[in-house]
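Student: Can you keep this structure in mind? I'll have questions shortly.
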Amino acid sequence: MKGMWQRQKILLHLLLASLLGVSDAVSGDQARVAVAANFKLTAITLGTLFTEETGHQIAFSYGSTGQLYAQITHGAPFDAFLAADQARAERVISAGYGVAGSRFTYACGRLALYSRDRGLTLSSNSILEDGIRRIAVANPRTAPYGAAALQVLERLGATDQLAPKLVQGTNVAQAFQFAFTGNADLAMVAKAQVIDPTVAGSHWTVPQTLHDPIAQDAVLLLRGADNAPALAFLRFLKEPTAQAAIRRAGYGTAGGQTGD
Amino acid sequence: MTDNWLEASYHGTTGGFRIDLDFATPLEGITALFGASGSGKTSILRAMAGLDRLPGSLKVGGDVWQDDSAGLFLPPHQRSVGYVFQEASLFPHLTVRDNLLYGQKRIPLGGTAPLDIHDVAALMNIAPLLDRQPGTLSGGERQRVAIGRALLRAPRLLLMDEPVSALDQRGRDKLLVCLDKLHKDLTLPILYVSHDTGEVARLADHMILIGNGKKLAEGPTRDIFERLDILPPDGRLEASALLEAMIVAHDLLTHLTHLRVGRHDISIPHITGDVGNTVMLRVRARDVTIATSKPEGISIRNILAGTISEIRQDAASPHVELLVDIDGGHVRAQVTHDACADLGLHEGQKVHALVKSMSLDGYAR
Amino acid sequence: MTDAALFWSPILLTLKLAGLSTFVLLLLGTPLAWWLARSKAGWKDGVAALVALPLVLPPTVLGFYLLIALGPDGPGGAVASLFGGRSLAFTFEGLVIGSVIYSLPFVVQPIRNAFEAIGERPFEVAATLGASPWDAFWSVAVPLARPGFFTGAVLGFTHTIGEFGVVLMIGGNILGETKVLSVTIFEYAETLNWAPAHLLAGGMLAFSFVVILLMMRMERKLRHRHDG
């Protein structure tokens with residue numbers, strides 16, 4: 001009974017997370033930061049730490065990297081952009097909306113294989129089992145975690161065998177949802193989603209060797225070039241306190257240290 | 001009761017009306033359900049068709065259509081009934097021809113032999129309209145199609161709810177002529193709801209007088225009309241008597257038709273009809289003048305000798321109702337209390353009844 | 001897969017989905033609209049409100065509950081297991097179910113209105129002419145409600161063509177099975193592929209416009225035929 005309630009709570013939170021474009025209400029002199037949806041929970045933690053340390057407030061807006069990119073290049077009033085990949089962060093600069101040279105990797109995404117059934121020991125062999133009918137991944141064309149998932153299959157030599165079993169969600173949150181509701185047997189999700197022990201199910205962290213690093217880059221936007229809180233926040237992300245929090249959340253850091 | 005009677009008994013409420021009546025009427029000719037608006041006559045008609053549910057029973061000839069004590073209630077589509085509404089209600093998505101054939105296509109196997117659509121169209125005077133859309137017809141044309149449609153169902157009984165009320169004068173006249181023909185040519189029994197004495201006088205052989213959901217009188221139309229204690233639902237001034245007359249001659253020069261009632265010669269404005277035919281004359285009581293001696297030098301041509309057979313005084317009314325027995329029938333008259341007292345009118349008195357030619361309505365029968 | 005196949009597959013799939021869904025909607029929606037129009041049951045308004053829910057619910061909410069309902073935790077899973085599956089999500093059939101629920105009010109409402117506009121009298125007339133209720137439904141109600149069927153079919157069809165939020169939640173983006181037009185356009189936009197995005201979106205816009213224009217013309221013609 002209690003487990004079911006937990007499930008509903010998590011599901012609800014994920015629903016809200018995947019409803020794109022949710023943002024917090026905000027007013028006053030502060031920085032507005034656009035954040036890729038998969039980093040939302042971690043961003044909230046970092047925001048609290050940052051405010052405690054400096055007194056500055058950060059107003060976060062969440063969305064898919066593509067949507068945020070479109071908004072920024074059409075004049076959305078953000079001061080900084082935390083993307084889920086490198087390509088679109090760089091494009092913001094080349095499109096003339098970002099400060100040249102301000103791009104850096106704030107986190108490295110880690111993949112996890114997830115099943116909603118408890119107590120399983122998963123491994124790379126799990127996805128090859130005959131009984132597996134559906135494997136959920138994020139859309140490889142639009143989400144770097146999805147592209148990484150396909151790389152994993154390729155490096156395991158299982159692309160042809162598993163391609164017909166793949167179903168795509170728009171992002172890792174949706175891929176998780178598919179597995180959580182039982183519609184997919186397994187899902188390739190972000191480790192950050194399943195690292196919390198209250199999340200019901202079993203997971204296996206995919207070794208870094210099986211995919212290219214999922215570098216998530218941050219960029220200072222032109223609009224925020226003179227914004228003190230924004231500059232401070234981007235600096236803060238590179239500091240040990242923030243890096244430790246990022247690792248605890250299930251990401252790797254650019255310093256080479258991988259969370260586990 | 002024999003197979004050729006309709007027996008109805010309804011006691012209950014429907015659509016806000018309380019109905020309590022029992023009546024029986026022969027299944028031939030036209031029977032009028034005669035009453036004022038709001039008397040419940042339409043509710044009764046609808047209950048007889050099965051459109052509304054009234055507690056009671058209904059037997060038509062040998063068939064039981066409703067019997068609450070036996071838990072029997074036939075829905076409308078299982079009753080051999082034709083129904084004509086006040087507004088024609090033709091199907092807008094069908095041509096006149098398809099409207100007409102709608103009921104005929106649904107006659108159950110083994111039902112009465114079907115009529116020919118062209119015969120009915122000729123009877124109802126709608127033959128040139130067969131391929132038209134209902135929306136292009138006049139009110140009178142629509143109503144005649146509606147009647148034809150009901151006829152083609154070859155029902156055991158035809159129910160008509162004030163079919164001429166929604167029409168203008170011209171449409172009304174044309175339709176009444178059609179109904180006359182229907183009456184004469186077909187053996188189909190018709191139950192005809194009306195609040196108009198003229199219609200009832202013209203069409204109905206039998207009538208059932210309804211008031212407040214109750215039966216006030218029933219019997220042959222002529223007899224009910226002659227009852228002085230009954231006043232017409234459409235007003236005291238419509239009280240009339242009916243006389244059977246034979247056409248003797250037509251005078252083209254004076255535009256009059258000469259009739260014979262018993263020993264009397266009566267002239268009225270010209271009506272069509274062959275010499276020797278029977279017509280019914282409606283004589284309104286208010287158009288009858290009483291003279292205790294035969295007048296001379298008077299413009300009125302129709303002077304009928306007779307005897308007062310009944311007088312009814314009603315202190316609440318400005319009139320005294322009289323029934324005068326003339327050779328060949330009865331005539332009603334209304335005179336003021338003063339006149340009655342002045343002339344010393346009494347039952348058994350020999351008098352003359354005077355009627356202006358212009359006041360008489362003649363209906364071919 | 002050739003580029004042409006990638007381009008045309010979503011279009012054909014979308015048309016197939018809209019066509020089948022509209023057909024199912026007419027089949028299911030007609031008796032429902034009839035009941036709503038004629039019934040005097042006290043709980044009729046409750047049913048009508050339920051039917052109208054997709055009008056106000058965000059499609060993602062609808063899709064969310066559909067995801068659960070179609071999966072092993074819901075009735076969909078039970079149905080799927082009859083065919084050796086685990087879930088109806090990520091299938092064309094699942095999309096049809098989602099589309100039917102999503103477009104239900106757009107089909108039921110116009111048909112219900114058309115039935116109500118007929119009134120009581122034509123049915124009384126039909127009954128006195130020997131038509132049973134079933135007979136009267138086909139010979140009187142359906143022909144007179146034709147404009148309603150037409151409007152409902154067109155609305156249901158175009159509404160399903162534009163369906164996005166629901167498909168996003170339960171589709172799984174499988175080419176040839178669940179990757180419909182709206183999702184494809186979204187994907188092109190997300191990957192900054194503006195050219196094909198414009199092409200497909202513009203095409204959809206033009207198509208919807210033409211359909212609605214034609215529908216209005218046809219409706220006027222049908223109405224005039226009735227008035228004679």
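Student: Is one or more of the residues making up segment B:251-258 touching a Lys or Arg at 6+ places or on another chain (Cβ under 7 Å), in a loop (DSSP other than H, G, I, E, B) and at pLDDT 90 or above?
Tutor: no
Student: Related question: Among the residues of segment B:340-365, which ones are in contact (Cβ under 8 Å) with a residue 40 or more places away in the chain, out of contact with any helix residue (DSSP H, G or I) (no Cβ under 7 Å at 6 or more places or on another chain) and of a type in the set (A, V, I, L, M)?
Tutor: Within segment B:340-365, B:L343, B:L345, B:V351, B:A353, B:L354, B:M358, B:L360 qualify.
Student: For segment C:30-133, which helices (runs of 4 or more DSSP H) that fit wholly inside it have 3 or more residues that are away from chain B (no Cβ under 14 Å) and either under 23 Å from the mean Cα position of the chain (by Cα) or of a type outside the set (D, E, K, R) (or both)?
Tutor: The qualifying helices (runs of 4 or more DSSP H) are C:44-56, C:59-70, C:75-82, C:92-118.
Student: Just to check your reading of the model, which residue among C:G152, C:G148, C:G203 is within 16 Å of the chain's Cα centre (by Cα), closer than 27 Å to C:G63 by Cα, of a type outside the set (D, E) and in a helix (DSSP H, G or I)?
Tutor: Every option except C:G152 fails the conditions.
Student: Note down all Cβ pairs under 7 Å where the first residue falls in segment A:135-150 and is at the interface with another protein chain (Cβ under 9 Å from one of its Cβ atoms), the second is surrounded by fewer than 23 Cβ atoms within 10 Å (Cβ to Cβ) and in a loop (DSSP other than H, G, I, E, B), and they're at least six residues apart or on different chains.
Tutor: A:R141/C:T191; A:T142/C:T191
Student: When you scan segment B:74-82, do you find a residue that is farther than 22 Å from B:G15 by Cα, in contact (Cβ under 8 Å) with a residue 12 or more places away in the chain and among the hydroxyl-bearing types (S, T, Y), even just one?
Tutor: Yes: segment B:74-82 contains one or more residues that are farther than 22 Å from B:G15 by Cα, in contact (Cβ under 8 Å) with a residue 12 or more places away in the chain and among the hydroxyl-bearing types (S, T, Y).
Student: So which of B:L100, B:L94, B:L159, B:L109 ends up being in a strand (DSSP E or B) and either of a type in the set (V, I, T) or within 13 Å of another protein chain (Cβ to nearest Cβ) (or both)?
Tutor: B:L159
Student: Just one of B:G148, B:G140 is touching a residue at least 24 places away in the same chain (Cβ under 8 Å), part of a helix (DSSP H, G or I) and farther than 26 Å from B:L27 by Cβ; which is it?
Tutor: Exactly one residue qualifies, and that residue is B:G140.
Student: Given the criterion within 12 Å of chain C (Cβ to nearest Cβ) and free of Cβ contacts under 8 Å to residues at least 24 places away in the same chain, identify the matching residue among A:P207, A:P197, A:P164.
Tutor: After ruling out the rest, the residue left standing is A:P164.
Student: Those residues that are hydrophobic (A, V, I, L, M, F, W, C), without any contact (Cβ under 8 Å) to a residue 40 or more places away in the chain and assigned to a helix (DSSP H, G or I), I need them from segment B:219-250; list them, please.
Tutor: Answer for segment B:219-250, where residues must be hydrophobic (A, V, I, L, M, F, W, C), without any contact (Cβ under 8 Å) to a residue 40 or more places away in the chain and assigned to a helix (DSSP H, G or I): just B:I224.
Student: Among the residues of segment C:180-203, which ones are at the interface with chain A (Cβ under 9 Å from one of its Cβ atoms), over 19 Å from C:S99 (Cβ atoms) and modelled with pLDDT of 90 or more?
Tutor: Listed by number, the list is empty, since nothing qualifies.
Student: Quick one: A:R103 ticks every box in (1) in contact with an Asp or Glu (Cβ under 6 Å, 6 or more places away or on another chain); (2) more than 14 Å from chain C (Cβ to nearest Cβ); (3) of a type outside the set (A, V, I, L, M); (4) surrounded by 21 or more Cβ atoms within 10 Å (Cβ to Cβ) except a single one, so which number is it?
Tutor: The one condition A:R103 does not meet is (4).
Student: Out of the residues in segment C:152-177 that are surrounded by 23 or more Cβ atoms within 10 Å (Cβ to Cβ) and of a type outside the set (A, V, I, L, M, F, W, C), state the one that is farthest from the other protein chains (Cβ to nearest Cβ).
Tutor: This residue is C:G156.
Student: State yes or no: is C:P105 at pLDDT 95 or above and either acidic (D, E) or surrounded by fewer than 21 Cβ atoms within 10 Å (Cβ to Cβ) (or both)?
Tutor: no
The values are calculated or read from the model by the stated rules, or taken from the named source; none is laboratory data. Model, not experiment: these values are computed from the prediction. Cβ atoms come from the backbone with ideal geometry, glycine included; neighbour counts cover every protein chain shown.
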